[in-house]
Protein chains: 2
Amino acid sequence: MTGQKSNSILPQGFSFGATHCGIRKKRADLGVIVADGTVSAAGIFTTNRVKAAPVLLTRRHLGASKGRARAVVVNSGNANCVTGPAGLAASRRTATALARELGCPPKEILVCSTGVIGVPLNAERIVGALPVLTAGRTARREAFDRFAEAILTTDTRSKQSYASCRIGGKTVRLAGCAKGAGMIHPQMATMLAFLVTDAAASPSLLGGMLRQVADRTFNAITVDGDTSTNDTVLLLASGASGAPMLRPGSDGERRFAETLEKVCRKLALDIVADGEGARHVVEVEVRGAPSDRAARRVAETIATSPLVKTALAGADPNWGRILAAAGRAGVPFDPARARVWVVGRLVCRGGVPTPFDEAELHGRMLEREIGLAIDLGAGDGRARMWTCDFTAEYVRINASYRT
Amino acid sequence: MTGQKSNSILPQGFSFGATHCGIRKKRADLGVIVADGTVSAAGIFTTNRVKAAPVLLTRRHLGASKGRARAVVVNSGNANCVTGPAGLAASRRTATALARELGCPPKEILVCSTGVIGVPLNAERIVGALPVLTAGRTARREAFDRFAEAILTTDTRSKQSYASCRIGGKTVRLAGCAKGAGMIHPQMATMLAFLVTDAAASPSLLGGMLRQVADRTFNAITVDGDTSTNDTVLLLASGASGAPMLRPGSDGERRFAETLEKVCRKLALDIVADGEGARHVVEVEVRGAPSDRAARRVAETIATSPLVKTALAGADPNWGRILAAAGRAGVPFDPARARVWVVGRLVCRGGVPTPFDEAELHGRMLEREIGLAIDLGAGDGRARMWTCDFTAEYVRINASYRT
């Protein structure tokens with residue numbers, strides 16, 4: 001309920017709720033985040049040309065409200081994607097109903113969906129559940145936990161992250177939760193993340209910060225290279241901490257951006273670790289590229305290469321595949337100047353393999369976290385990405401005929 | 001032996017040989033194609049920045065000789081890649097030895113290797129075997145068969161293709177063989193194809209034709225998206241058919257190009273069908289794109305999507321994944337105007353799924369060949385690619401620790 005004292009780990013100014021409204025058979029499938037009043041908001045969305053109805057509506061709402069929002073409503077079990085005009089009407093109906101419940105304009109409601117594609121979404125189930133859901137919302141940690149559970153689909157565990165920093169003598173808190181589906185279930189699609197803070201900031205400052213941070217966190221993870229139709233990250237800032245407004249270029253802004261990155265990186269790595277069938281979380285570091293952008297391209301090519309990822313599943317220090325993947329990324333470099341490391345061991349230099357103890361390296365690659373690095377010897381560009389290994393279990397899960 | 005009468009299926013003017021020289025344990029690992037005299041030649045090579053020594057040398061030789069060649073020598077079992085200056089010396093040593101054997105300049109020798117990366121190639125094994133190999137070569141079909149066997153690595157079967165056409169009242173023959181490794185074995189890499197014809201044509205005409213045809217055949221197949229460091233396609237034209245020189249823009253050129261495409265397509269599809277763990281050969285057709293190039297990008301994104309390929313392994317008519325893959329290809333289109341077909345059945349139109357008998361469609365997808373098609377409704381661009389499905393068996397093969 002609004003006005004209630006927040007648990008110390010959560011930012012002030014928000015309450016949360018979750019329930020089962022009947023889209024899924026048993027599990028909670030509907031959640032809300034409600035700000036005590038209208039707050040600053042920013043969002044980033046899937047770059048897929050095929051965008052789900054809630055993505056289209058939420059982008060439109062953020063534009064119309066100039067980055068002001070009152071609440072977020074999320075359903076799982078149905079992505080409301082490739083559902084045509086009826087799908088957009090269902091998202092709009094959801095927003096209108098929640099707006100009436102809260103007494104705010106519909107454009108201040110942000111809507112997200114995740115689940116099956118191509119199945120009509122029955123908005124009445126959501127609408128019917130909203131009065132009890134909003135009435136029962138609280139600012140307590142348990143409510144946030146339930147919200148974080150309600151947004152999950154094929155995830156095996158809930159993903160949450162918390163951090164705080166001091167700004168203008170006040171403690172500013174940031175909390176986030178995510179669902180993913182880095183590896184996506186048959187006809188399931190989506191990475192969703194919700195971030196709330198009691199910092200005070202303008203929507204445009206939040207938006208710029210969120211895009212920068214997402215590039216180094218949510219956009220730096222890859223599981224199977226498939227971008228979902230519903231991906232959405234939302235950041236709401238209540239200002240309830242009493243800290244002064246974040247000013248562009250200030251120390252406070254820098255500290256808040258670092259805190260935001262910390263929270264987002266934790267959620268992003270949780271998603272990779274929960275990838276279907278994944279046994280390893282893999283960091284791919286690229287140095288010595290002609291530019292950061294080029295480094296990113298090389299990192300992405302390595303991190304999505306099925307040959308590299310299957311070798312990782314076998315704990316095989318197969319540096320030849322890493323070098324060959326780098327070579328096809330479209331980035332100019334001289335292989336004779338490149339160096340490759342696997343879990344910190346130099347395995348290739350000057351265009352030839354270096355002697356290394358393969359059995360020992362294999363043993364170290366059996367650990368959960370594996371680091372790969374390549375220096376192209378072609379400049380100062382750097383990039384870092386995270387991925388997981390590619391197991392037979394992943395294929396089994398994704399090849400199973402839908403039932 | 002030169003001068004011997006060619007078997008009717010093979011072009012005149014070439015002889016072939018294969019042997020075991022000791023790079024591999026037991027299987028034939030060395031093959032030669034020798035033209036009766038110097039002939040026109042063209043080649044296309046991997047675009048990977050990491051290029052094996054034989055690729056570097058053969059490109060250089062074709063440039064220095066202005067597209068004239070006498071022979072091709074190929075070893076399997078060792079890719080001679082990431083082997084530094086010693087690797088280049090080994091390829092050069094091979095070329096020089098064969099040139100001495102045949103009495104031609106070294107620049108007329110084209111060298112190819114396929115097999116393990118990063119292991120020094122012992123050229124003396126090849127050099128020691130060359131005298132007997134060249135002396136025993138014949139123009140007979142069995143010799144061509146043995147050559148086609150000697151170039152294989154993890155392939156489960158030999159890949160050959162033959163065709164002929166009439167040019168200027170003469171029968172012109174074209175024969176080809178390939179190895180691939182569309183799906184690549186641990187540390188094995190390479191698609192190799194060798195094409196011989198008794199047509200008469202200039203190197204530049206051959207080169208232009210080969211590039212065009214390869215774009216629609218060898219470059220239109222994808223198994224795991226990983227480009228090898230050794231990929232090479234060579235085309236040699238002896239002119240021994242007695243047919244007139246192919247002239248640019250002539251009917252004869254058109255007919256020969258069609259024949260070349262037929263031969264190359266057969267080899268390309270053989271490679272896809274032999275992909276590690278593959279159970280299906282899949283044609284991906286894209287229509288209605290803003291341009292042919294855009295269509296190609298969409299086709300490639302669909303054909304390399306792990307989610308699409310695992311769905312194919314499960315015979316799952318998962319059109320949502322096809323549409324979502326198209327959506328992330330970076331090509332502008334309106335999903336509401338797109339249509340998707342699976343094995344000829346319309347499954348999605350106007351931004352919503354069409355009703356279809358899912359069990360029946362699943363049944364038809366159990367067949368070996370599967371066709372997917374998408375019309376983006378955004379122009380006249382078209383493209384076609386071939387791929388295979390992504391099975392747990394592929395992961396098992398590629399994740400197994402090298403021994």
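If A:Lys159 passes every condition in (1) of a type outside the set (S, T, N, Q); (2) surrounded by 21 or more Cβ atoms within 10 Å (Cβ to Cβ); (3) at pLDDT 95 or above but one, which one does it miss?
(3)
When you go through (1) closer than 26 Å to A:Cys348 by Cα; (2) small (Gly, Ala, Ser); (3) part of a strand (DSSP E or B) one by one for B:Ser91, which number turns out not to apply?
Result: B:Ser91 passes all but (3).
Taking B:Gly288 as meeting all but one of (1) of a type in the set (Gly, Ala, Ser); (2) outside any loop (DSSP other than H, G, I, E, B); (3) under 24 Å from the mean Cα position of the chain (by Cα), write down the number of the exception.
(3)
Looking only at region A:69-87, decide whether some residue is more than 13 Å from chain B (Cβ to nearest Cβ) and touching a His at 6+ places or on another chain (Cβ under 8 Å). First the steps, then the outcome.
As a first pass, look at region A:69-87 and keep what is more than 13 Å from chain B (Cβ to nearest Cβ): A:69-77.
Then keep just the ones that are touching a His at 6+ places or on another chain (Cβ under 8 Å); that gives A:69.
Yes: region A:69-87 contains one or more residues that are more than 13 Å from chain B (Cβ to nearest Cβ) and touching a His at 6+ places or on another chain (Cβ under 8 Å).
Out of B:Leu62, B:Leu10, B:Leu98, which single residue is part of a loop (DSSP other than H, G, I, E, B) and in contact with a strand residue (DSSP E or B) (Cβ under 8 Å, 6 or more places away or on another chain)?
Values: B:Leu62 fails: part of a loop (DSSP other than H, G, I, E, B); B:Leu98 fails: part of a loop (DSSP other than H, G, I, E, B).
Checking each option against the conditions leaves just B:Leu10.
Residues checked against (1) assigned by TED's automatic domain parsing to the domain that holds A:Leu57; (2) touching a residue at least 60 places away in the same chain (Cβ under 8 Å); (3) within 23 Å of the chain's Cα centre (by Cα):
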{"position": "A:Arg92", "(1), (2), (3)": "yes, no, no"}
{"position": "A:Ser113", "(1), (2), (3)": "yes, yes, yes"}
{"position": "A:Leu133", "(1), (2), (3)": "yes, yes, no"}
{"position": "A:Thr138", "(1), (2), (3)": "yes, yes, no"}
{"position": "A:Arg141", "(1), (2), (3)": "yes, yes, yes"}
{"position": "A:Phe144", "(1), (2), (3)": "yes, yes, yes"}
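Let me confirm something: among A:Ala359, A:Ala373, A:Ala338, which residue is crowded, with 16+ Cβ neighbours inside 10 Å and more than 20 Å from B:Pro120 (Cβ to Cβ)?
The unique qualifying residue is A:Ala373.
Counting only residues that are touching a Pro at 6+ places or on another chain (Cβ under 8 Å) and not small (Gly, Ala, Ser), which one in region A:79-93 is surrounded by the fewest Cβ atoms within 10 Å (Cβ to Cβ)? If you could, list the steps in order and put the result at the bottom.
Of all residues in region A:79-93, those touching a Pro at 6+ places or on another chain (Cβ under 8 Å) come to A:80, A:82-83, A:86-87, A:90-92.
Now drop any that are not not small (Gly, Ala, Ser), which leaves A:80, A:82-83, A:92.
On the way: A:Asn80: 32, A:Val82: 28, A:Thr83: 24, A:Arg92: 19.
Across region A:79-93, the extreme among qualifying residues is A:Arg92.
Output the number of the condition that B:Ala315 fails; it satisfies all remaining conditions of (1) without any contact (Cβ under 8 Å) to a residue 40 or more places away in the chain; (2) on the phi > 0 side of the Ramachandran plot.
Only one criterion in (1) without any contact (Cβ under 8 Å) to a residue 40 or more places away in the chain; (2) on the phi > 0 side of the Ramachandran plot is unmet by B:Ala315, namely (1).
Can you report the number of residues in region A:242-272 which are over 18 Å from A:Phe218 (Cβ atoms) and either basic (Lys, Arg) or not in a helix (DSSP H, G or I) (or both)?
Start the filter on region A:242-272 by keeping residues that are over 18 Å from A:Phe218 (Cβ atoms), which leaves A:242-255.
Then keep just the ones that are either basic (Lys, Arg) or not in a helix (DSSP H, G or I) (or both); that gives A:242-250, A:254-255.
So the answer is 11.
Test of understanding: among B:Ala240, B:Ala257, which residue is within 17 Å of the chain's Cα centre (by Cα), assigned by TED's automatic domain parsing to the domain that holds B:Val111 and surrounded by fewer than 22 Cβ atoms within 10 Å (Cβ to Cβ)? Before the answer, list the steps.
Working: B:Ala240 fails: within 17 Å of the chain's Cα centre (by Cα).
Result of the check over B:Ala240, B:Ala257: B:Ala257.
Quick check, is B:Leu30 in the same structural domain as B:Val119 (by TED's automatic domain parsing) and either surrounded by fewer than 24 Cβ atoms within 10 Å (Cβ to Cβ) or small (Gly, Ala, Ser) (or both)?
Judged against the criteria, B:Leu30 is not a match.
Pull up region A:77-99, narrow it to residues that are among the polar types (S, T, N, Q) and at pLDDT below 95, then point me to the one that is nearest to A:Ala41 (Cα to Cα). Please lay out each step first, then the result.
If we filter region A:77-99 for residues that are among the polar types (S, T, N, Q), which is where we start, we get A:78, A:80, A:83, A:91, A:94, A:96.
Still in the running and at pLDDT below 95: A:78, A:80, A:83.
Numbers: A:Asn78: 25, A:Asn80: 23, A:Thr83: 27 Å.
Here the residue is A:Asn80.
Is it true that B:Gly239 is within 14 Å of chain A (Cβ to nearest Cβ) and either among the hydroxyl-bearing types (Ser, Thr, Tyr) or not in a helix (DSSP H, G or I) (or both)? Spell out how you get there, then give the answer.
On the way: within 14 Å of chain A (Cβ to nearest Cβ): no; either among the hydroxyl-bearing types (Ser, Thr, Tyr) or not in a helix (DSSP H, G or I) (or both): yes.
Criteria not met by B:Gly239.
Are any residues in region B:363-377 touching a Lys or Arg at 6+ places or on another chain (Cβ under 8 Å) and facing another protein chain (nearest Cβ under 10 Å), and if so, which ones?
The answer is B:Leu376, and nothing else.
Given the structure, is B:Gly314 assigned by TED's automatic domain parsing to the domain that holds B:Ala373 and in contact with a Phe, Trp or Tyr (Cβ under 7 Å, 6 or more places away or on another chain)?
Yes.
Going residue by residue through region B:387-403, is there one that turns out to be small (Gly, Ala, Ser), within 7 Å of chain A (Cβ to nearest Cβ), under 30 Å from A:Arg321 (Cα atoms) and outside any helix (DSSP H, G or I)?
First, pick out the residues of region B:387-403 that are small (Gly, Ala, Ser): B:392, B:399-400.
Checking the rest, the ones that are also within 7 Å of chain A (Cβ to nearest Cβ) come to B:392, B:399-400.
From what is left, the residues that are under 30 Å from A:Arg321 (Cα atoms) are B:392, B:399-400.
Checking the rest, the ones that are also outside any helix (DSSP H, G or I) come to B:400.
Yes: region B:387-403 contains one or more residues that are small (Gly, Ala, Ser), within 7 Å of chain A (Cβ to nearest Cβ), under 30 Å from A:Arg321 (Cα atoms) and outside any helix (DSSP H, G or I).
If you take the residues of region A:290-321 that are surrounded by 23 or more Cβ atoms within 10 Å (Cβ to Cβ), in contact with a helix residue (DSSP H, G or I) (Cβ under 9 Å, 6 or more places away or on another chain) and away from chain B (no Cβ under 12 Å), which of them is farthest from A:Ile374 (Cα to Cα)?
Only one residue tops the list, namely A:Ala303.
On the given criteria, is A:Ala324 over 21 Å from B:Val119 (Cβ atoms) and either assigned to a helix (DSSP H, G or I) or away from every other protein chain (no Cβ under 13 Å) (or both)? If you could, list the steps in order and put the result at the bottom.
On the way: over 21 Å from B:Val119 (Cβ atoms): no; either assigned to a helix (DSSP H, G or I) or away from every other protein chain (no Cβ under 13 Å) (or both): yes.
Spelling it out, it is not the case that A:Ala324 is over 21 Å from B:Val119 (Cβ atoms) and either assigned to a helix (DSSP H, G or I) or away from every other protein chain (no Cβ under 13 Å) (or both).
Can you pull out every residue in region B:327-342 that is at the interface with another protein chain (Cβ under 8 Å from one of its Cβ atoms) and in a helix (DSSP H, G or I)?
B:Gly327, B:Pro335, B:Ala336
Based on this model, can you work out whether A:Phe356 counts as assigned to a loop (DSSP other than H, G, I, E, B), out of contact with any helix residue (DSSP H, G or I) (no Cβ under 7 Å at 6 or more places or on another chain) and modelled with pLDDT under 95? Break it down into steps so the answer makes sense when it comes.
Values: assigned to a loop (DSSP other than H, G, I, E, B): yes; out of contact with any helix residue (DSSP H, G or I) (no Cβ under 7 Å at 6 or more places or on another chain): yes; modelled with pLDDT under 95: yes.
Criteria met by A:Phe356.
Would a scan of region B:343-362 turn up a residue that is away from chain A (no Cβ under 11 Å), within 23 Å of A:Gly87 (Cα to Cα) and in contact with an Asp or Glu (Cβ under 7 Å, 6 or more places away or on another chain)?
The answer is no; no qualifying residue exists.
Looking at A:Arg100, A:Arg141, A:Arg166, A:Arg137, which one is surrounded by 18 or more Cβ atoms within 10 Å (Cβ to Cβ) and either away from chain B (no Cβ under 14 Å) or farther than 24 Å from A:Ala199 by Cα (or both)?
On the way: A:Arg100 fails: surrounded by 18 or more Cβ atoms within 10 Å (Cβ to Cβ); A:Arg141 fails: surrounded by 18 or more Cβ atoms within 10 Å (Cβ to Cβ); A:Arg166 fails: surrounded by 18 or more Cβ atoms within 10 Å (Cβ to Cβ).
None of the other options fit; the residue is A:Arg137.
Check whether at least one residue in region B:302-312 is under 22 Å from the mean Cα position of the chain (by Cα) and either of a type in the set (Val, Ile, Thr) or closer than 30 Å to B:Asp198 by Cβ (or both), and report yes or no. If you could, list the steps in order and put the result at the bottom.
The initial filter retains those residues of region B:302-312 that are under 22 Å from the mean Cα position of the chain (by Cα), namely B:302-305, B:309.
Retained after the next criterion (residues that are either of a type in the set (Val, Ile, Thr) or closer than 30 Å to B:Asp198 by Cβ (or both)): B:302, B:304.
Taking every residue of region B:302-312 in turn, at least one turns out to be under 22 Å from the mean Cα position of the chain (by Cα) and either of a type in the set (Val, Ile, Thr) or closer than 30 Å to B:Asp198 by Cβ (or both).
The values are calculated or read from the model by the stated rules, or taken from the named source; none is laboratory data. The shown structure was predicted, so the numbers you read here are calculated from the model rather than taken from an experiment. Positions of Cβ are generated from backbone atoms using ideal geometry, with glycine treated the same way; all protein chains shown enter the neighbour counts.
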